[in-house]
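Everything on this sheet refers to the single structure shown next.
The values are calculated or read from the model by the stated rules, or taken from the named source; none is laboratory data. Just so it is clear, the structure is predicted and the values come from calculations on it, not from any experiment. Ideal geometry is used to build each Cβ from the backbone, glycine not excepted, and the neighbour counts take in all protein chains shown. What goes into the accessible areas is simple: the full protein's heavy atoms, side chains included, and nothing from ligands, DNA or RNA. Shrake-Rupley method; radii C 1.70, N 1.55, O 1.52, S 1.80 Å.
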Amino acid sequence: MQSGFYQDSITGIPAVCHCTLSILPSGATTINLRNLILLTSLLFASLLHAATVTVSITELDTALQTTGGESDALKRIVLEKIQARLDDAGLILDEGELLFEETLHDVESVSSCNRTEILELTTKVALSGDTQLALTVDSLYDPVTIDLNVYADIDARGRARQVVGARLGRCQVLGTDSFSFSANGPVNLNVHVALELNPELNRETQQLVLRPAISLSAELSHRDITVDVDDTWLRRVLEKVLEEQIDRALSSSRLAAEISKLQARIDTALQEELDNGLIVVELPDPNDEQVLALYELLSPDADFLLSIGYVHTHRQELLAALILGDDAMVDSILGNAAMCEASGLLQVPLLHAPVYEIGAEGCNEAQIPAGEEAATAALYVDASCQHAFDFSHTSAVDYCNTVLDTQRLGNAASNPENLGQWTLSPGTTFDIGALPLTGLRQPYTQRVRYKQVATPMGECELEMRVHVPQADTSQTNNRALIAFHGGSWQHRLSGSLGIETMATQFVDAGYVVFAPFYRLAGISQGNPECNGASLDDIMEDANDAMDWVNANAADYGAFGKPVVFGQSAGGHLAAALAVSRPTEVASAVLFYAPTDFSDYVQEIRDGQHDSITGQRILETLLGESIDTLDIDAPVIQRNSFPDRIAENPGVVPPVFMLHGKNDTLLPYRQSVRLCNAL
């Protein structure tokens, strides 16, 4: 088999990594276990998700009959291998039944001077079309299980001669009798195979190392074999003897012994076929097109703001994680590892406005303390050391631990002792925006609780982060800017990181940035008390956040009507405030914002937009399928801003929109329609 990428015909995802396969010569063993194990691994890679695949004998028969016309090369190879094994074993498929037939001649069983001579015995085994093979794969870290539920009909017929004798010095024949006999009936056998791959990723050599082990077990759950012997003077005796032999042949102990022999053969074959019991799979070095496909696969569900460069750096580890079904590895690469690595690679050192301390020579400018020193330091906002500055140091590790913890990020009930304290948030130094941060001053950041609301899960306490240019807010006269994070109304992490890094730009431009968190429609992020929210709940939070800013902005040195800003779902919230409360908003800045629900739904129904992710997001938010949604429902009309604006466009404050024309999740038509309405 050549090495290379195989493209999943359904998802378009490069699902099977190119692997270097060593094909052993045919006939080396009765079954090439190396290839069987690799084939199982490739099957899981093509599925990309936990699954159970069940195939009946009838379905296998149908597939084998169409092998020649199979267009998928991998499927055709598998079917050809199956057919070859059936041929080698003398098994044939006949109208959905797997048939085995064997004929024996002149077999003699001797016991003292009595003997039974089998003149001819023909045995046929037919597997019912209901016989099924089920392959279950949860993760290649877990055993891959194969369950074979065998429904068979056994039909044995033959001619025999019974010789009766006595020992008188030597055996003397007293009499003989020839007869026909038969044994037939159904048997139900359950066979369980567990394949453990024990995979490890060698990060230095970029190889997957498999240490396979196979274990077998079987149980005879049902049998009903009827024995019939022709009319003979020993009929009853012979029937009883045959029944006893069948009982022994189908006993649990005999079955266990046969399974044990087969287990030993498999263990031996593993040692003979594998190098030191290992299979080494070379991971590929994907080209740019394949890295882009991997990026698109991971981006919809990624919490961190992924870059193609980051995916390229970790491409082999990510591919290995996808092949193995290792969600923990993917989370590690895209979660903690990504964030904390970015802490070193993507942050830039920034200066900040001074704070002061009392020293030997009086009140002097202070160095911001870190670690335990920050807890005991006495800092002041002014050069005369008259006004204390409540400061708490936040390390990069502290920041990562908070933003990656879905129970803590945005939850004012988490670490309440830090509410109201100022800090220098590492999030404001991530240089990942369109404009560089170099040369700007890092803002001071404070967490506040702006809202507490009872929900079915308890008290939801919502946090707002306030970013100011200097510690002494009484000496500033800035504009207020309310910044809503994106995340499909369901997530916080990546959106809040984007807000923090942009806050540095906004503060440098003369704004105090108020960044509220809001309740979430989903349950994958956020604390349970703030999850499962409706769109009306989320809109209520946005309005309450604006009320809080109007009431408290002056305390932070911000005056005048606020600017509302948002990315994606946050842009929708900003737009909603600009449309619903136009006299209270100075202007709106919307980045790729969903602003026309009715048009979005209609585009999906008309086949003009085919983003499954976008459809799933909207259905989660509204709690209803797109197919059954009433496009004239109040919730749709309230969030179709172009229609609302068209009635009185002059009332809405100035709006700036940014939207990529290649946006596949949200068509840029959304922003065009809003612009036209304005």
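Table for the structure above
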| item | result |
| --- | --- |
| Selected residue (criterion: nearest to ARG159 (Cα to Cα)) from residues of segment 112-128 that are of a type outside the set (Val, Ile, Thr), part of a strand (DSSP E or B) and open to solvent by less than 40 Å² (accessible area, probe 1.4 Å) | LEU121 |
| Condition check for ALA545: among the hydrophobic types (A, V, I, L, M, F, W, C) and either open to solvent by 10 Å² or more (accessible area, probe 1.4 Å) or at pLDDT below 95 (or both) | no |
| Some residue of segment 605-618 being modelled with pLDDT of 95 or more and outside any loop (DSSP other than H, G, I, E, B) | no |
| Residues of segment 150-182 satisfying the condition of being over 14 Å from THR116 (Cβ atoms) and in contact (Cβ under 8 Å) with a residue 60 or more places away in the chain | ILE154 |
| Residue, least open to solvent (accessible area, probe 1.4 Å), within segment 469-492, restricted to residues that are in a helix (DSSP H, G or I) and farther than 19 Å from PRO562 by Cβ | SER474 |
| Flag if PRO369 is modelled with pLDDT of 85 or more and within 42 Å of the chain's Cα centre (by Cα) | no |
| Residues of segment 628-639 satisfying the condition of being open to solvent by less than 20 Å² (accessible area, probe 1.4 Å) and in contact with a Ser or Thr (Cβ under 9 Å, 6 or more places away or on another chain) | ILE636, ASN639 |
| SER625 vs. criteria in contact with a Ser or Thr (Cβ under 9 Å, 6 or more places away or on another chain), at pLDDT 85 or above and open to solvent by less than 70 Å² (accessible area, probe 1.4 Å) | no |
| Restricting segment 393-429 to residues that are among the hydrophobic types (A, V, I, L, M, F, W, C) and modelled with pLDDT under 90, the residue that is most open to solvent (accessible area, probe 1.4 Å) | VAL397 |
| Residue within segment 435-443 that is under 25 Å from GLU365 (Cα atoms), of a type in the set (S, T, N, Q) and either at pLDDT 95 or above or not in a helix (DSSP H, G or I) (or both) present | yes |
| Long-range neighbours under 9 Å by Cβ, at least six apart or interchain, first residue closer than 14 Å to ARG581 by Cα within segment 639-661, second outside any helix (DSSP H, G or I) and open to solvent by 60 Å² or more (accessible area, probe 1.4 Å) | ILE645/LEU678; PRO649/LEU678; VAL652/LEU678; PRO653/LYS561; PRO654/LEU678; VAL655/LEU678 |
| From SER384, SER474, SER425, residue being of a type in the set (Ser, Thr, Tyr) and in contact with a helix residue (DSSP H, G or I) (Cβ under 8 Å, 6 or more places away or on another chain) | SER425 |
| Residue count, segment 181-195 (criterion: closer than 19 Å to LEU278 by Cα and surrounded by fewer than 17 Cβ atoms within 10 Å (Cβ to Cβ)) | 1 |
| Number of the condition not met by GLU417 [criteria: (1) without any contact (Cβ under 8 Å) to a residue 40 or more places away in the chain; (2) in a loop (DSSP other than H, G, I, E, B)] | (2) |
| Residue ID - nearest to ALA574 (Cα to Cα), chosen from residues in segment 593-622 that are polar (S, T, N, Q) and open to solvent by less than 30 Å² (accessible area, probe 1.4 Å) | THR595 |
| Members of segment 372-392 found to be open to solvent by 70 Å² or more (accessible area, probe 1.4 Å), modelled with pLDDT of 80 or more and of a type outside the set (S, T, N, Q), listed by number | HIS387, ALA388, ASP390 |
| Segment 554-597, residues that are under 42 Å from the mean Cα position of the chain (by Cα), assigned to a loop (DSSP other than H, G, I, E, B) and not aromatic (Phe, Trp, Tyr) | SER568, ARG581, VAL585, ALA593, PRO594, THR595 |
| Conditions (1) buried (at least 22 other Cβ atoms within 10 Å of the Cβ); (2) closer than 17 Å to GLY557 by Cβ; (3) touching a Leu at 6+ places or on another chain (Cβ under 6 Å); number of the one not met by ARG441 | (1) |
| Pairs where the first residue, in segment 569-595, is more than 16 Å from MET539 (Cβ to Cβ) and the second is of a type in the set (Ser, Thr, Tyr), C-beta under 6 Å, 6+ apart | TYR592/SER568 |
| Residue list for segment 640-669, filter: farther than 19 Å from ASP606 by Cβ, part of a loop (DSSP other than H, G, I, E, B) and open to solvent by less than 60 Å² (accessible area, probe 1.4 Å) | VAL652, PRO653, HIS659, GLY660 |
